[in-house]
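The next block holds one structure in the form of structure tokens; read it before the comments.
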Amino acid sequence: MTDDSPDVTAAPPSRRRFLGAAAAGGTTALAGCVGSLLDTSDSSGNEIEPEEPSEPRKGTPGEFYTLVERNDIAVESLQWDESDLVLRYDSSASTESESTTEIEVITTLYNENLVKNDAEVDMLYAEVAEPFDGQAYGWGVKTEWCEQYNAAVADSEGGDNETGSDGDGSTDAEDDTEESDSSNETESDGNSTDTTESDSSSTEDGTSSVNRAAMVLMSNVLNTRVYEDDVEN
């Protein structure tokens, strides 16, 4: 998935929103900006604990916590900030491409488990605990973007064939994918928002409507990334 897809229909939240929040809080240069900007780092009462995913999925933040970790992404904390969730995680990425893959995996888990199960979350803010030099400090995904993608899948003839399973056997993804239906979580290797194209309608340029919607979703998410220069400037 790339961040250069055309015709992005939903404007991502401005990075200035993060910077404005930082200024309001009297915060200057931040390492780990998203959690600091939302002022939830010390809000122990908002902490969410991991819980064993049920069958079928209940779509709770605790299940989301566990499923993120099952995809080899260590969670430092998951907290409520009113109707939003704030995830702080340890990235194992060493390149921008690997970091993007982690973002895609987390976005897919958020959509498949929380959005599709009507968990009443407006947005997920994600913060990288110790980013490598040049890696984004944080990013976010709005529920409405996922809903737009899901609507495109539902409208396509091939929507029921959606899959995000990874085939390398490195996580629980294969078992969970086999056991879940389209309303439940599907774990992925980062290409999860792509879907089977055989039955889906195509746009004038030959791109399937579902794949185009996936490109728009990930473009919106990737455009929210906050880097060191954004915070310091």
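The values are calculated or read from the model by the stated rules, or taken from the named source; none is laboratory data. It should be emphasised that the depicted structure is a prediction, and the values quoted were computed from it without experimental measurement. Here Cβ is always computed from backbone atoms with ideal geometry, including for glycine, and neighbour counts include all displayed protein chains. SASA here: full protein model, heavy atoms, side chains in, ligands and nucleic acids out. Shrake-Rupley method; radii C 1.70, N 1.55, O 1.52, S 1.80 Å.
Does segment 124-151 hold any residues that are closer than 19 Å to residue 73 by Cβ and either assigned to a helix (DSSP H, G or I) or touching a Gly at 6+ places or on another chain (Cβ under 9 Å) (or both), and which are they?
Of everything in segment 124-151, those that are closer than 19 Å to residue 73 by Cβ and either assigned to a helix (DSSP H, G or I) or touching a Gly at 6+ places or on another chain (Cβ under 9 Å) (or both) turn out to be 124, 125, 126, 127, 128, 129, 130, 131, 137, 138, 146.
Considering only segment 49-79, how many residues are of a type in the set (Gly, Ala, Ser) and open to solvent by 10 Å² or more (accessible area, probe 1.4 Å)? Can you show your working first?
In the first step, residues of segment 49-79 are kept if they are of a type in the set (Gly, Ala, Ser); the result is 54, 59, 62, 74, 77.
When the remaining residues are screened for being open to solvent by 10 Å² or more (accessible area, probe 1.4 Å), the result is 54, 74, 77.
Selection size over segment 49-79: 3.
Conditions (1) open to solvent by less than 30 Å² (accessible area, probe 1.4 Å); (2) touching a His at 6+ places or on another chain (Cβ under 7 Å); (3) touching a residue at least 60 places away in the same chain (Cβ under 8 Å), marked per residue:
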{"site": "81", "(1), (2), (3)": "no, no, no"}
{"site": "85", "(1), (2), (3)": "yes, no, no"}
{"site": "89", "(1), (2), (3)": "yes, no, no"}
{"site": "99", "(1), (2), (3)": "yes, no, no"}
{"site": "104", "(1), (2), (3)": "yes, no, yes"}
{"site": "110", "(1), (2), (3)": "yes, no, no"}
{"site": "116", "(1), (2), (3)": "no, no, yes"}
{"site": "119", "(1), (2), (3)": "yes, no, yes"}
{"site": "122", "(1), (2), (3)": "no, no, no"}
